[in-house]
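Notes follow once the structure below has been shown.
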Amino acid sequence: NNEVDLKRIFTPNEKVVCYAAIWIESDKEQEKIFGIGSNDGIKAWFNGEMILKVHKPRTVNIDDEYLKLNLKKGRNLLLLKIEQGFGGWGFVLRPVDNKTAWDQVQKHLDIAMNSEFHLEGNIIKGTIGDNNIVGQLSNLPMAKVEFKAINGKHSKTIEVPVGTKLELQKSNFPANEYAITISFNTDNGVQTTYAYMNTVNDVVAEIRELMYKDMPRVPQSPMANYYTDFINTVQWLDRANKLWEHPYGYRRYLDGIKNAHKGMGKLQKSTNPFDGIFPAPRNMNFTDKKCIVDSSWTFYDPTEETDYISDKIHDFWENEFNWDINYSGKPIRDKTIVLEYTKKGIAKKEGSYLVQIDENKITIKARNRQGLFYGLSTLLQAMEQNTTLPVGIVSDFPAYPVRSVVLTKTKAVLSDDFKSYINQLSDFRYNEIYLPSDAYYYLDKSERLKEINEVFDYCKEHFIEPVPYFETFGGWTFTRVLDPCLDEGIYHEKEKYIVTESGDISLDVPRIHDCENSTIHIFDKNQKELIRGTDYKLVSTEKPVIKILNKEYFNKELLLSYDAVDFTSFPHAASCPSNPKGWKIQEKVISSVIKELKPSKLHISQDEVGFVNTCSQCKARNLTNKEIMIDQINRVHKIIRKYDKNVGIYIWGDMFNDLQNAPKIDAKGCIEGLPKDIMVHDWNYVGVYHSDKMKTVNQMNFYLNRGYKAGGVAWFEPSNILDIMLTGEKKKDQFLGIMHSAWSKFEHSLMPVAEANWTGKTILNKLGF
């Protein structure tokens with residue numbers, strides 16, 4: 001069960017591979033099962049034959065896959081190749097019996113039941129579950145496998161054990177496409193998973209042909225850019241091996257690309273410039289009459305504000321047409337574009353608008369300035385393509401209240417890049433942005449306060465609510481940024497070390513704490529504690545070295561207690577939730593953010609905690625991991641509510657979700673202590689079609705069913721958008737919308753998320769799953 005930590009063995013240890021040879025001696029021919037896990041991907045050969053291939057980034061987990069080895073008498077060779085990108089690197093291998101393996105599999109059925117079907121000649125081959133996991137086990141439950149044609153014209157049901165490799169006659173499946181539902185009993189009740197089967201086409205080949213097929217040539221427009229961007233995103237997903245080579249995943253993107261081609265064809269034939277608007281307006285009704293806008297037209301703005309709307313008008317009029325801009329003093333003149341505040345005929349949702357086009361007048365109506373901007377954006381997008389407009393009415397309102405993005409593309413400083421990004425987001429109708437910045441830690445410095453205030457003001461001027469984003473607990477928590485002594489340590493109690501002849505002790509950990517309340521303690525064999533400065537000194541905390549000054553301890557055994565700081569097995573650092581100094585820093589930062597910036601919401605993160613309750617201070621509290629998690633989130637919540645009783649609070653959902661990361665740190669059930677007024681952003685990193693559509697549904701419903709407001713995070717996978725929408729539609733009063741998060745270099749899905757949030761629609765089809 002112990003991990004082989006390759007990162008400690010080899011240098012260099014990024015973007016490399018290593019091989020491990022394991023000789024297995026057997027006194028007879030027999031079958032044995034081994035559980036294996038790796039960080040990152042792995043290949044395995046047994047007695048010269050390849051038996052496993054996994055190519056994806058991941059952390060080490062016991063029994064990610066199983067190897068059923070038919071041992072021959074004598075020596076058997078198991079050869080492993082372990083890939084390494086960055087972060088941790090290692091593998092774990094253990095012999096298991098069938099029952100132990102099945103018990104472990106039931107904890108991760110969403111992964112284990114990844115079922116695939118493909119056609120070879122007249123035979124349909126498939127697996128009822130992942131061949132590398134359940135396919136290696138035996139005596140598993142019977143599964144009911146239902147095949148339903150997507151066109152609704154045929155169905156078939158069979159019963160076979162989980163893990164079975166199927167070979168079916170194509171003649172028994174007359175339809176082209178089937179949705180497959182697999183149901184079976186587990187120790188925790190009935191489990192249902194899904195798969196896809198195509199009996200005619202190679203879906204992978206079909207989608208790749210469409211991906212690289214020339215699109216119809218159309219005049220450039222925002223909607224044409226969207227279709228092109230969607231196809232470029234899918235191309236990237238395929239090249240980066242992020243479609244996971246699964247037919248169901250490819251099938252969903254096949255529909256999206258087909259729809260993109262159809263949309264481009266429609267744009268090619270269209271003479272209506274409003275067909276090129278992105279996001280597409282909800283309602284458009286036009287007549288055969290025309291409205292021709294030229295340089296003689298004027299604007300009427302009742303507030304005469306100098307803001308982003310006036311800037312947008314000036315930039316467009318002067319840069320697009322090289323026309324002088326004129327303002328009218330009255331709204332009743334002909335050849336006037338009128339901005340009008342009204343509630344009549346306008347939906348109550350924020351940002352709603354109506355554009356009324358007459359032959360000699362255009363009126364943009366809205367309840368507020370934001371709605372006027374969205375209406376103006378729609379009009380100007382149409383005019384970019386053609387200044388001859390159809391007479392009629394365009395009315396529009398958003399599908400979801402929160403249309404958000406976390407800043408990843410540029411830094412939160414008022415640079416030209418930042419301004420350009422915010423301008424883009426406002427045109428895409430995003431209305432909330434989560435802004436990471438270390439300025440929050442230093443708001444007592446006037447230059448840092450001025451810097452972040454400029455950023456906030458620019459966002460608000462563009463109808464985007466800026467939300468301070470900082471880690472109160474989790475990966476790269478700000479307390480540990482401000483004070484490395486607040487890292488969560490791993491307590492080593494009275495470990496035995498032999499002092500060298502020269503008086504040195506080298507500890508086999510990357511770093512140790514040498515901080516207030518967490519210093520090293522050294523004891524002799526009689527439990528007498530050595531005195532620092534007299535008996536020893538600490539030479540280095542990095543790759544720690546201790547110098548023993550008292551020569552009577554040379555070549556003797558000593559007992560060392562210390563807090564090691566070691567994140568090599570988990571790339572995200574965490575902070576100690578038990579150090580009083582950390583809570584003083586938390587309150588200082590939170591209070592200054594609330595007092596100085598007066599935000600309407602905060603995003604306090606709380607994601608990807610690698611481990612908790614491992615340092616000496618945490619252990620001294622005698623709390624469970626669950627109790628530690630509940631205690632820390634309530635402390636943060638109490639601090640926030642001390643300074644603002646109404647500010648909204650967001651967190652990422654993974655650490656409080658029993659279907660995600662809570663079990664990884666033995667904190668299952670900590671949702672019981674999560675304050676009810678906290679709003680949740682639920683990660684959806686891997687396309688849920690990969691194994692079980694219910695994965696996303698269950699993750700979001702984990703919070704929605706408990707009364708929390710929640711939104712989904714699609715990351716770079718447009719396919720996730722559909723599943724998030726389908727789930728959110730069932731809990732409309734609690735659903736916050738979809739958040740775009742493209743960490744690091746993965747700048748994809750910005751436009752698909754924008755479309756879904758505003759229109760409530762997506763380019764992907766449901767397929768009936």
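Close amide H contacts of GLU471 (hydrogens built in the peptide plane, cut-off under 5 Å, sequence separation of 5 or more or a different chain): PHE478. Please identify the GluC sites (Glu not before Pro) of the stretch 307-401 that satisfy two criteria: DSSP loop assignment and at most 15 other Cβ atoms within 10 Å. Which are they? Counting only loop positions with at most 15 other Cβ atoms within 10 Å, the GluC sites (Glu not before Pro) in the stretch 307-401 are GLU359.
Across the stretch 527-620, Cα-Cα distances exceeding 17 Å account for 69% of all pairs. Amide H contacts of PHE299 (H built 1.01 Å from N, in plane; Pro and chain starts excluded): ASN326, TYR327, SER328, ILE337 sit under 5 Å, all sequence-distant by 5 or more or on other chains. With every protein chain in place and a 1.4 angstrom probe, the accessible-area ranking of THR624, THR477, THR192, largest first, reads THR624, THR192, THR477. Once neighbouring chains are kept in place and the probe is 1.4 Å, which whole percent of the accessible area of the stretch 231-388 is contributed by carbon and sulfur? Exposed carbon and sulfur together represent 43 percent of the surface.
For the stretch 418-577, the equivalent ellipsoid derived from the alpha-carbon gyration tensor has semi-axes of 50, 15, 11 Å in decreasing order. In straight-distance terms, cross-link reach from LYS588 covers every one of the lysines whose alpha-carbon lies under 27 Å from its own, apart from those fewer than eight places away in the same chain; here that gives LYS411, LYS445, LYS450, LYS460, LYS598, LYS601, LYS619, LYS626, LYS638, LYS642, LYS645, LYS676. The shape of the stretch 176-259 can be summarised by an equivalent ellipsoid whose semi-axes, obtained from the alpha carbon gyration tensor, come to 32, 14, 12 Å from longest to shortest.
Counting only Cα atoms, the size of the stretch 364-422 along its three principal axes is 43, 27, 18 Å, in decreasing order. Using Cα positions and a limit of under 19 Å, work out the aspartates and glutamates in reach of LYS595, with same-chain residues fewer than 8 apart set aside. List returned: ASP438, ASP444, GLU447, GLU451, GLU454, ASP457, GLU465, GLU471, GLU587, ASP644.
Across the chain, the relative contact order, built from alpha-carbon pairs under 8 Å that are at least six residues apart, equals 10 percent.
Each residue of the stretch 412-426 was assigned a 3J(HN,Hα) from its phi angle through the Karplus curve 6.51 cos²θ - 1.76 cosθ + 1.60 (θ = phi - 60°); the sequence is 7, 10, 7, 8, 5, 5, 5, 4, 4, 5, 5, 4, 5, 4, 5 Hz, with glycine and proline shown as x.
Pairwise Cα distances in the stretch 42-175 exceed 26 Å in 35 percent of cases.
A viscosity of 0.890 mPa s and a temperature of 25 °C, combined with the Kirkwood radius over Cα pairs in Stokes-Einstein, give a translational diffusion coefficient for the stretch 284-364 of 177 µm²/s. Note on the chain: Cα convex hull, mean projected area over all directions, 40.0 nm². Across the stretch 36-45, coupling constants 3J(HN,Hα) worked out from phi with the 6.51/-1.76/1.60 Karplus curve, θ = phi - 60°, read 9, x, 8, 9, 9, x, 8, 10, 9, 10 Hz, and Gly and Pro carry x.
Dividing the summed helix terms, -39500 (n - 2.57) for each DSSP H run of n ≥ 4, by the number of residues in the chain produces a 222 nm estimate of -8000 deg cm²/dmol to the nearest 500. Bridgeable lysines around LYS28 (alpha carbons under 21 Å apart, same-chain partners fewer than 8 residues away excluded): LYS68, LYS72, LYS73.
Computed from backbone phi, the HN-Hα couplings of the stretch 668-678 come to 4, x, 5, 4, 4, x, 6, x, 6, 8, 7 Hz, rounded to whole numbers (Karplus: 6.51 cos²θ - 1.76 cosθ + 1.60, θ = phi - 60°; Gly and Pro given as x).
The values are calculated or read from the model by the stated rules, or taken from the named source; none is laboratory data. Keep in mind that what you see is a predicted model, and the values were worked out from it rather than measured. We place every Cβ from the backbone using ideal geometry, glycine too, and count neighbours over all the protein chains shown. The protein model used for the area step is the full one, side chains on, heavy atoms only, and it has no ligands, DNA or RNA in it. Shrake-Rupley method; radii C 1.70, N 1.55, O 1.52, S 1.80 Å.
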